[in-house]
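A short write-up of the structure that comes next.
The values are calculated or read from the model by the stated rules, or taken from the named source; none is laboratory data. Predicted, not measured: the structure shown is a model, and the values here were computed from it. We place every Cβ from the backbone using ideal geometry, glycine too, and count neighbours over all the protein chains shown.
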Amino acid sequence: MLDPRFVTDNLAEVKAGLARRGFTDEATLDRLATLAQARRAAIAETDALREERNRESDAMAKVADKRSPEFAAKRESLRALGDRIKAAEEAARAGEAELDELLLTLPNLPASSTPDGRSEHDNVELRVHGTRPELAFTPRDHVDLGEALGILDFERGTKLSGARFVVLRGMGARLERALMQFMMDVHADEHGYEEVWVPALVKDSALRGTGQLPKFEKDLFRIAKDADWEKESEASGHELYLIPTAEVPVTNLHADEILEGDTLPRAYCAYTPCFRSEAGSHGRDTRGMIRQHQFDKVELVRFVAPEQAEAELEKLTSHAESILQRLGLHYRVVQLCAGDIGFGSQKTYDLEVWLPSQDTFREISSCSWFGDFQARRLKARYRPAPKEKPRLLHTLNGSGLAIGRTLVALLEQYQQADGSVLIPPALRPYMGGRERLVPGKLT
RNA sequence: GGAGAGGUGGCCGAGUGGUCGAAGGCAAUCGCUUGCUAAGCGGUCGUACGCGUUAAACCGUACCAAGGGUUCGAAUCCCUUCCUCUCCGCCA
């Protein structure tokens with residue numbers, strides 16, 4: 001969420017910034033500025049009226065004779081004042097609702113260090129790590145490999161849950177678990193992240209905090225409820241959704257809190273399942289486990305002071321990269337242009353891993369700096385020093401990494417001519433010492 | 001699912017219509033004092049918005065779970081909702 005004050009005071013700058021990401025609806029911004037100003041005027045008015053009422057009421061308290069004519073007269077005039085206050089409050093509320101709505105649907109401003117560009121084609125490749133695996137044969141894709149190995153079972157995934165679900169078997173399931181374990185160990189033990197375990201079902205308020213709601217409800221799975229549940233839940237004023245990423249519960253950890261400055265930065269890592277409806281991506285990546293409705297991910301989240309934020313993004317990205325490096329995977333780092341960064345982000349690096357079968361790099365991690373965009377929604381603040389006024393935190397997050405896609409990349413990059421797949425040394429301790437996946441060998 | 005209790009500042013905890021943003025204690029912090037692990041004394045010590053300022057301060061308003069109501073005036077009275085805890089039942 002943008003600061004309404006900042007928007008009114010720097011309208012031209014905000015328009016220009018949002019235009020960089022393709023948001024050219026100036027009328028909405030003008031409306032927002034108007035509403036924000038009106039809101040301030042309304043506050044000033046109601047405050048003044050209330051002040052008058054408070055003053056007069058105090059005076060009445062001091063009148064000894066509560067049955068005197070003067071007392072009755074005062075009471076009458078204050079009753080009228082009370083009505084005026086109510087009317088003023090009512091008027092203020094109307095504009096406020098519209099203002100909040102606009103603020104919640106407005107995307108973040110790109111950082112000055114985010115390059116211009118309209119779409120993913122304008123993203124900037126920053127660096128490439130490693131080299132393409134030399135394969136003396138035509139690479140098979142992970143679906144062929146996985147099915148031949150007996151570790152990926154798409155048919156049964158579909159039987160159980162429909163399209164975009166998979167069952168992992170034997171060493172496939174083991175690999176998923178090994179990757180999760182490996183990533184968490186590296187981040188917790190070496191990168192200084194506090195490991196957290198969080199719910200995979202969250203309230204709509206949490207999703208509003210990180211920005212998925214109200215705009216992107218169609219991408220989420222909201223849990224269906226029977227009649228009783230529905231009744232209770234409506235009454236309780238919140239809906240439950242499956243999380244699309246651990247970013248949601250982990251970032252919301254510090255909603256409505258004020259952290260002490262000397263405890264920053266706060267770094268958390270979490271593994272969770274993630275659930276995405278993938279609405280609007282019909283026909284895209286239908287083959288294989290690149291795009292599933294449910295997948296596991298290890299997520300990194302950092303709460304930092306604004307001054308450190310941009311450097312913190314480099315740090316967080318390097319932590320995610322470190323996983324790819326230890327696994328010996330060929331990848332590149334891409335900086336997203338203003339037209340391609342996510343709704344709440346102001347600067348994003350994507351890590352893309354090489355997939356031989358597709359002869360291309362595919363996203364495996366996205367590391368973003370949100371500025372105070374999420375923090376303002378969340379009311380996540382920090383106190384720079386004792387006694388100082390609280391300020392909004394900056395939040396960052398990134399995948400470290402998407403486990404399903406890591407598994408895909410491993411299969412494809414480490415495939416051998418005979419259909420077996422080498423297990424990179426870093427992962428072997430987590431695979432019971434195994435060095436290789438062999439077709440027909442489930443244990 | 002059944003029965004009961006309760007939600008006040010970082011924590012504990014007073015407060016049943018005006019003098020309450022809220023006693024007292026703890027924690028924290030600053031200073032003073034005392035030569036001996038420690039204690040004593042004093043000050044400070046919520047947040048947001050508005051106004052204002054270079055920035056503050058000051059000032060105003062709001063907030064005692066949330067929303068609504070009664071009243072000239074609500075932490076206090078009424079209604080609705082949410083949440084927490086305890087016991088029983090069920091359950092990984």
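What are the residue pairs meeting all of these: first residue in region A:360-372, first residue over 11 Å from A:A320 (Cβ atoms), second residue outside any strand (DSSP E or B) and of a type in the set (D, E), Cβ atoms under 7 Å, and 6 or more apart or on different chains?
Note: pairs meeting the criteria are A:W369/A:E310.
Quick check on region A:234-244: of everything there that is surrounded by fewer than 23 Cβ atoms within 10 Å (Cβ to Cβ) and under 12 Å from A:V202 (Cα atoms), which residue is modelled with the lowest pLDDT? Show your work before the answer.
Applying the first criterion (surrounded by fewer than 23 Cβ atoms within 10 Å (Cβ to Cβ)) to region A:234-244 yields A:234-242, A:244.
In the following step, the residues that additionally are under 12 Å from A:V202 (Cα atoms) were identified as A:238-242, A:244.
Details: A:H238: 67, A:E239: 76, A:L240: 82, A:Y241: 88, A:L242: 91, A:P244: 95.
Filtering region A:234-244 for residues that are surrounded by fewer than 23 Cβ atoms within 10 Å (Cβ to Cβ) and under 12 Å from A:V202 (Cα atoms), the one modelled with the lowest pLDDT comes out as A:H238.
Does A:L175 satisfy the criteria of being in contact with a Phe, Trp or Tyr (Cβ under 6 Å, 6 or more places away or on another chain), modelled with pLDDT of 90 or more and of a type outside the set (S, T, Y)? It would help to see each step written out before you state the result.
On the way: in contact with a Phe, Trp or Tyr (Cβ under 6 Å, 6 or more places away or on another chain): no; modelled with pLDDT of 90 or more: yes; of a type outside the set (S, T, Y): yes.
So A:L175 fails the test.
Name every residue in region A:401-424 that is more than 17 Å from A:R177 (Cβ to Cβ), surrounded by fewer than 24 Cβ atoms within 10 Å (Cβ to Cβ) and not small (G, A, S), in order of residue number.
Within region A:401-424, A:Y414, A:Q416, A:D418, A:L422 qualify.
Mind listing just one residue for me: the one in region A:25-65 that is surrounded by 10 or more Cβ atoms within 10 Å (Cβ to Cβ) and not in a helix (DSSP H, G or I) and, of those, farthest from RNA strand B (Cβ to nearest atom)?
A:D25
Within region A:32-49, count every residue that is touching a residue at least 12 places away in the same chain (Cβ under 8 Å) and within 14 Å of A:E90 (Cα to Cα).
In the first step, residues of region A:32-49 are kept if they are touching a residue at least 12 places away in the same chain (Cβ under 8 Å); the result is A:32-33, A:35-39, A:42-43, A:45-46, A:49.
Among the residues that remain, those that are also within 14 Å of A:E90 (Cα to Cα) are: A:38-39, A:42-43, A:45-46, A:49.
Residues flagged as touching a residue at least 12 places away in the same chain (Cβ under 8 Å) and within 14 Å of A:E90 (Cα to Cα) within region A:32-49 amount to 7.
Could you list, ordered by first residue, the pairs with Cβ atoms under 8 Å in which the first is in region A:159-185 and not assigned by TED's automatic domain parsing to the domain that holds A:C274 and the second is part of a helix (DSSP H, G or I) and among the β-branched types (V, I, T), at least 6 apart or interchain?
none
From the list A:A94, A:A80, exactly one residue is modelled with pLDDT under 85, loosely packed, with under 14 Cβ neighbours inside 10 Å, out of contact with any Pro (no Cβ under 6 Å at 6 or more places or on another chain) and not charged (D, E, K, R). Which is it? Talk me through it step by step, then tell me what you get.
Details: A:A80 fails: modelled with pLDDT under 85.
One residue alone meets the criteria, A:A94.
Kindly indicate which of A:F343, A:F370 is surrounded by fewer than 24 Cβ atoms within 10 Å (Cβ to Cβ) and within 14 Å of the chain's Cα centre (by Cα). Write out each step before concluding.
Working: A:F370 fails: surrounded by fewer than 24 Cβ atoms within 10 Å (Cβ to Cβ).
Going through A:F343, A:F370 in turn, just one is surrounded by fewer than 24 Cβ atoms within 10 Å (Cβ to Cβ) and within 14 Å of the chain's Cα centre (by Cα): A:F343.
Are any of the residues in region A:211-233 modelled with pLDDT under 85, surrounded by 15 or more Cβ atoms within 10 Å (Cβ to Cβ), assigned to a loop (DSSP other than H, G, I, E, B) and within 16 Å of RNA strand B (Cβ to nearest atom)?
no
Residues that are more than 16 Å from RNA strand B (Cβ to nearest atom): find the strands (runs of 3 or more DSSP E) completely inside region A:321-426 holding 2 or more of those. So that I can check it myself, show each step before the final result.
On the way: elements: A:331-335, A:347-355, A:360-369, A:380-383, A:394-402.
Correct list: A:331-335, A:347-355, A:360-369, A:394-402.
Quick one: in region A:170-200, which of the residues that are of a type in the set (G, A, S) and in a helix (DSSP H, G or I) is surrounded by the fewest Cβ atoms within 10 Å (Cβ to Cβ)? Give the steps one after another, and end with the answer.
If we filter region A:170-200 for residues that are of a type in the set (G, A, S), which is where we start, we get A:170, A:172-173, A:178, A:188, A:192, A:200.
From what's left, in a helix (DSSP H, G or I): A:172-173, A:178, A:188.
Values: A:G172: 22, A:A173: 13, A:A178: 21, A:A188: 16.
Taking the candidates together, the pick is A:A173.
Would you please name the residue that is surrounded by the fewest Cβ atoms within 10 Å (Cβ to Cβ), looking only at residues in region A:14-24 that are among the charged types (D, E, K, R) and in a helix (DSSP H, G or I)?
Of region A:14-24, the ones among the charged types (D, E, K, R) are A:15, A:20-21.
Next cut, in a helix (DSSP H, G or I) only: A:15, A:20.
Details: A:K15: 17, A:R20: 19.
Among residues in region A:14-24 that are among the charged types (D, E, K, R) and in a helix (DSSP H, G or I), the one surrounded by the fewest Cβ atoms within 10 Å (Cβ to Cβ) is A:K15.
Within region A:118-137, track down each residue that is charged (D, E, K, R) and within 14 Å of A:Y349 (Cβ to Cβ). Please lay out each step first, then the result.
Initially, region A:118-137 is screened for residues charged (D, E, K, R), giving A:118, A:120, A:122, A:125, A:127, A:132, A:134.
The answer is A:E120, A:E125, A:R127.
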